[in-house]
Amino acid sequence: MAPGLDSTKEEIHAYEEPFLARGIAVLAIDGPGQGEAEYEIPICGDYERAARAVCDWIETRKDLSHEKIAIWGVSLGGYYAPRAAAYEKRIRACIALSGPFEWEKIWDDLPDLTRETFRVRAHCASEIDAKKIAATLTMVEAAPRINCPIYIVAGRQDRLVPASHAERLAKSVSGPVELLMVEDGGHNANNRPYRYRSQSADWLAKQFGLPKS
């Protein structure tokens, strides 16, 4: 599970619980620019590098199924997850929640604090440099490479990442896709968690032949 721009692995307990309840093991990570990792590793567009390291580690574990690896991401993690799924083929399913399709395209409309957070975590000296890094967070070439099943969730009322980004991702992938649009949901649809959290876990359980709740 990949957190967003200003969240950490320790913060996503509420997201984890529906998956744990269905017998799905959860590994929450801090990738480049996230949580504890932000001090040494800057934000990068090619999050598949982080996913590759995680998959390598999972393969060393005898208590985990190497053939049933999925990735989940929220907010900016909702970009990182499908980006990783596009290039790391050991990932067999993906859940993307409120992620941008092209981060640079909404850069100028982002809150000042969001842009500054990105600049700091991208280890950039200026916002101009940060915007250049933002341009590398794009699904334009990556999305058509996604052939594993993907479950995309977005809030129609999202004022940070427009819902159109989720719709574009859904139209661009090459594999099986399900788009859940929470019409009265905001960013991450966190104001309507009952509309998608259990449903997301049920979807993943179905992909891996596990019982639903």
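Quick note: the coordinates plus some simple rules give every number you see, no bench work behind them. Predicted model, so just to flag it, every value in this text is computed and none were measured. When we count neighbours, we look across all protein chains shown, and the Cβ atoms used for this are built from the backbone with ideal geometry, even at glycine.
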In terms of the charge dipole of the chain, which places +1 on Lys and Arg and -1 on Asp and Glu at the beta carbon, the residue among N190, T60, P3 farthest towards the positive end is T60
Nearest-0.05 FRET efficiency for R52 and Y194 at R0 = 22 Å, using Cβ-Cβ distance, is 0.05
With +1 at each Lys and Arg Cβ and -1 at each Asp and Glu Cβ, the charge dipole magnitude of segment 83-148 around its Cα centre, to the nearest 20 debye, comes out at 480 debye
Given backbone amide H placed at 1.01 Å from N, residues whose amide H is under 5 Å from that of L76, ignoring those fewer than 5 places away on the same chain, are L5
So the number of lysine pairs in the chain with alpha-carbon atoms under 30 angstrom apart, 8 or more residues apart or on different chains, is 29
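Below 13 angstrom from the Cβ of V74, what's the summed charge of the other residues (Lys, Arg +1; Asp, Glu -1)? Before the final figure, lay out each step's value.
Values: positive: K9, R197; negative: D6, E11, E16, D158.
With Lys, Arg at +1 and Asp, Glu at -1, the neighbours total -2.
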The local net charge around R22, scoring Lys/Arg +1 and Asp/Glu -1 for residues other than R22 whose Cβ lies under 13 Å from its Cβ, equals +1
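If a/c stays under 1.5 just call it rounded; otherwise compare a/b with b/c (prolate if a/b is bigger, oblate if not). Do that for segment 53-195, with a ≥ b ≥ c from the square roots of the Cα gyration tensor eigenvalues.
Oblate, since a/c reaches 1.5 and b/c is not below a/b.
Grab the Cα-Cα distance for A21 and V120, subtract it from 0.36 nm times how many residues apart they are, and report the gain in nm with one decimal.
On the way: separation 99, 0.36 × 99 = 35.64 nm, distance 3.64 nm.
Extending this stretch completely gives an extra 32.0 nm.
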Within segment 69-97, the residues whose backbone N lies under 13 Å from a label point placed 7 Å from the Cα of S174 along the Cα-to-Cβ direction are 86-89
Of segment 176-202, those with amide N under 19 Å from the point 7 Å along the Cα→Cβ vector of R156 are 178-197
Diffing segment 38-46: the Karplus 3J(HN,Hα) column from phi (6.51, -1.76, 1.60, θ = phi - 60°), in whole Hz with x for Gly and Pro, holds 4, 6, 10, 10, x, 3, 9, x, 8
Counting Lys and Arg as +1 and Asp and Glu as -1 over every other residue whose Cβ sits under 10 Å from the Cβ of P211, the net charge comes to +2
In terms of the alpha carbon gyration tensor, root eigenvalues a ≥ b ≥ c, rounded if a/c is under 1.5 and otherwise prolate when a/b exceeds b/c or oblate, segment 1-79 is oblate
In a Gaussian network model of the chain with springs linking alpha carbons closer than 10 Å, the residue among P111, P32, P162 that fluctuates most is P111
Under 15 Å by backbone N from the virtual spin label 7 Å along Cα-to-Cβ at E183, the residues of segment 190-213 are 195
Per its Cα gyration tensor (rounded if a/c is under 1.5, else prolate when a/b beats b/c, else oblate), segment 130-213 is best filed as oblate
